[in-house]
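S.K.: Please see the structure below; I have some questions.
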Amino acid sequence: MHALNKNRPLRRIMLASAATVSGIVMLLALKPHTAPTVITDSAAPAPSAAASASPGASSGSGSSGSSGKSGSSSTGTKTVTGDTVQTRWGPVQVKVTIKNGKITDVTALQYPSDNPRDQQINDYALPQLRSEALAAQSASIDTVSGATYTSQGYQQSLQSALDSAGL
């Protein structure tokens, strides 16, 4: 005979109760993913202030010979750091290298990487976002499916860097 036959209703009640309690315990044990509390929130204005002063400040700190080139915005190479954008899964910040008025490189300085899933998503999304930005030569880039929040943060940080660079 089957263990859950109709002659033993108490056994069925006990098994159903045990399964329900186990399910509730497992649900309560799950910890929701929350955005990390990062001290960079208070430091976020500092990178943007440095980024807005970057034509003179960052090229002047990099090498004294570059400061002559930074006077004309259409020639020379400059590197600008965008604002830190807080997303649901963590901060996103990019650095843009501009040479002769064209975007030559985009590097993600900060991105969500608290757990293996974040790392997996961003290992896939960040190269796509970089290639889109280089192809578009602007912050008007497509969102990567599965990395919506990171994509939006990337676009906002990229736009702030481009605004600071005067593009």
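Any read-out appearing in this document is the output of simple, stated calculations on the displayed coordinates, not a laboratory observation. If you're wondering where the values come from, they're calculated on a predicted model, not measured in any experiment. So basically every Cβ, Gly included, is an ideal-geometry build from the backbone, and we count neighbours across all protein chains shown.
S.K.: Say R0 is 45 Å: what FRET efficiency, to the nearest 0.05, do V21 and S138 get from their beta-carbon distance? The partial results should precede the final answer.
M.R.: On the way: r = 55 Å, r/R0 = 1.23.
With a Förster radius of 45 Å, E is 0.20.
S.K.: For the pair N100 and S131, what calculated FRET efficiency results from E = 1/(1 + (r/R0)^6), where r is the Cβ-Cβ distance and R0 = 30 Å, to the nearest 0.05?
M.R.: E between S131 and N100, to the nearest 0.05, is 0.90.
S.K.: Report the gain in length on full extension from L10 to S113: 0.36 nm times residue separation, minus Cα-Cα distance, nm rounded to one decimal.
M.R.: Gain on stretching L10 to S113: 32.2 nm.
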